[in-house]
1. Report the extension gain between ARG58 and LYS16 in nm, rounded to one decimal, defined as 0.36 nm multiplied by the number of residues separating them, less their alpha carbon distance.
2. Return the calculated 222 nm mean residue ellipticity for the chain, to the nearest 500 deg cm²/dmol, obtained by summing -39500 (n - 2.57) across DSSP H runs with n ≥ 4 and dividing by the residue count.
3. How far is helix 22-65 tilted, in degrees, relative to the longest principal axis of the Cα atoms in the chain, given as a value from 0 to 90 rounded to the nearest 10?
4. Take the Cα gyration tensor of the chain, multiply each eigenvalue by 5, square-root it, and list the three semi-axes largest first, rounded to whole angstrom.
Amino acid sequence: DYVSLRIEAIRAEYQKMPSFLHEEEQHHLERLQKDGKDISQQLNESKARMEQRREMLRGMYEELKE
């Protein structure tokens, strides 16, 4: 997935650099993982809202049919 690919790309770049940058690498990787979790949570919340709206619209449609 996207996050895994980004993690590997970041690791590859940091391996080319001096060892004192490994702490910075870790910071970037942790931030990327946190961002991935945040986006996943936002998508799940959005999906739930869309499902609720679909059900609401379905109910309105049924009312209008009657």
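Please treat every number below as a calculation from the coordinates, not as lab data. Quick caveat: nothing in here was measured; it's all calculated off a predicted structure.
1. Working: separation 42, 0.36 × 42 = 15.12 nm, distance 5.62 nm.
This chain segment gains 9.5 nm when fully extended.
2. Values: 2 runs with 58 residues, N = 66.
Helices in the chain give a 222 nm mean residue ellipticity of -31500 deg cm²/dmol.
3. 10 degrees
4. They are 47, 9, 4 Å, listed from largest to smallest.
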